[in-house]
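What follows is calculated from the coordinates using simple rules that are stated; it is not laboratory data. Note that the coordinates shown come from a computational prediction; the quantities given were computed from them, not determined experimentally. Every residue, glycine as well, gets a Cβ built from its backbone with ideal geometry; the counts of neighbours run over all protein chains shown.
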Amino acid sequence: PERVLSGVQPTGSLHLGNYLGAIRQWVDFQNEDQFNDDGEVVPVENFFCVVDLHAITMPHDPKDLQESTLSSAALYLAAGIDPTKSKIFVQSHVPAHSELAWLLNCITPMGWLERMIQFKEKAKKQGESVGVGLFSYPILMAADIMLYQSTKVPVGEDQRQHLELTRDIVRRFNDLFCKGNPYKKRCKAAGVPSRPVFVEPDAIILKEGARVMSLTDGSSKMSKSDPSDASRINVLDDPKTIRDKIKRCKTDAIPGIEWDNPDRPEATNLLNIYSAVQPTKRTKEEILKEVGEMTWGEFKPVIADAIVNHLTPIQDRYYEVRNDPDALNEILKQGADAANEVAERTLLNTKVAMGFNIPP
Ligand code: ATP
Ligand code: MG
């Protein structure tokens, strides 16, 4: 079977990039049949996690973390994640994430992490006080993925490098600990199957929506951690805020709206967003026929309306879910129970492979 795992950090409000690059793909995974190379339908288990342990790798305010965590989970549901088909849980409710991360910390070379672009970018903003957790963040992410023997990880383009690292860690672990007779003996003694403990996951990255750019700078990605709220459309922004942000977003002085002109990243970004929020799929040609000749002043209300129309039903569902905390907590509890069961099994296997004493 395929196992799908992904998550978003509860570091602030979720934005269009998180939604178009990640969460919308999760919904597709959940709702569409997946096929193997022979064209047969394969069973899929989906795990979607609110990665709160990742959220503390940058300075955070304890009074916000809870609300962000619950609100992120509510947004998963509002966007269409169905708890009868997918497990939704909070990362810190499954202790195995932290524990496996430590074990993997000890086998991952520093040099591999020093190459990570996200660390370099986020560390720049923090100077001397940058935490060790930000540096080893990709290892925690590898642990998240590996605990569920995940085969598919639907993420935005910015996570490609972290997925490559995860694959490297998987190979390293299996090479170091999952070969030969001593390994087989340890497994037999502990009553666990002797096979490579981990599988190499594939990153699933969309062609469209994989990289939604900032509204104030078409060359950097839309991010929760950008200090300027005007740089992003939050999924929960009200219509007036969305219209204002679009009205004030960065444009250029070139007439017409066009796609893929390297000198016009803002035009490409807004067209990508416009295309992604259409109620039914339209080709680039169809869209350009509609808006290609417009001025910015004409195009902006059109795109703002399209975004508002797309987000309104999600927002309505969000407020319904968020206003029923008992139901939400119950969904998260069931998700965590299911996640713990799989994660603990993998962790046990990992410890056996590494030679730890397993209490009888
Ligand atoms: P932060 O700035 O705190 O890192 P973020 O906006 O990058 O926040 P994450 O929680 O790090 O959000 O990422 C969650 C998911 O959203 C990941 O799969 C990531 O690839 C995806 N994602 C984040 N930003 C974008 C974007 N601008 N376009 C497309 N996908 C994105
Ligand atoms: Mg990020």
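Only helical runs count toward this figure. For the chain, summing -39,500 (n - 2.57) over DSSP H runs of n ≥ 4 and dividing by all residues gives -16500 deg cm²/dmol at 222 nm.
At an R0 of 30 angstrom, the distance between the Cβ atoms of residue 259 and residue 28 translates into a FRET efficiency of 0.80. The slack in the chain from residue 184 to residue 229, taken as 0.36 nm per residue of separation less the alpha-carbon distance, amounts to 10.8 nm.
With the dipole of segment 229-320 worked out from charges on the C-beta (+1 for Lys and Arg, -1 for Asp and Glu) around the Cα centre, which of 249, 230, 306 lies farthest toward the positive end? My answer, from the dipole projection, is 230.
The simple spin-label model puts a point 7 Å past each Cα toward its Cβ; for residue 333 and residue 105 those points are separated by 3.2 nm. Screening the chain for whole DSSP H helices with an alpha carbon extent of at least 18 angstrom along the helix axis and a mean Kyte-Doolittle hydropathy of at least 0.0 yields 62-79, 132-147. Per-residue Cβ neighbour counts within 10 Å put 263, 168 in the sequence 263, 168, beginning with the fewest. Taking a point 7 Å out from the Cα of residue 281 in the direction of its Cβ, the residues of segment 1-28 whose backbone N falls within less than 15 Å of it are 25, 28. Taking other C-beta atoms within 10 Å as the exposure proxy, 198, 35 rank 35, 198 from fewest upward.
Need the C-alpha centroid separation for segment 214-260 versus segment 133-155, integer Å. Using only Cα atoms to place each centre, the spacing works out to 30 Å. Using unit Cβ charges (K, R positive; D, E negative) and no other charged atoms, how large, in debye to the nearest 20, is the dipole of segment 164-237 about its Cα centre? Roughly 900 debye, rounded to the nearest 20.
Each of 199, 170 was scored by other Cβ atoms within 10 Å of its Cβ. Arranged with the fewest first, they read 199, 170. A simple count of charges around residue 225, restricted to other residues whose Cβ falls under 11 Å of its Cβ and scoring Lys, Arg +1 and Asp, Glu -1, yields +3.
With R₀ fixed at 30 Å, the C-beta to C-beta distance from residue 238 to residue 120 puts the FRET efficiency at about 0.25. List residues of segment 107-127, by number, whose backbone nitrogen lies under 17 Å from a label position 7 Å along Cα→C-beta of residue 164. The answer is 109-121, whose backbone nitrogens lie closer than 17 Å to the label point.
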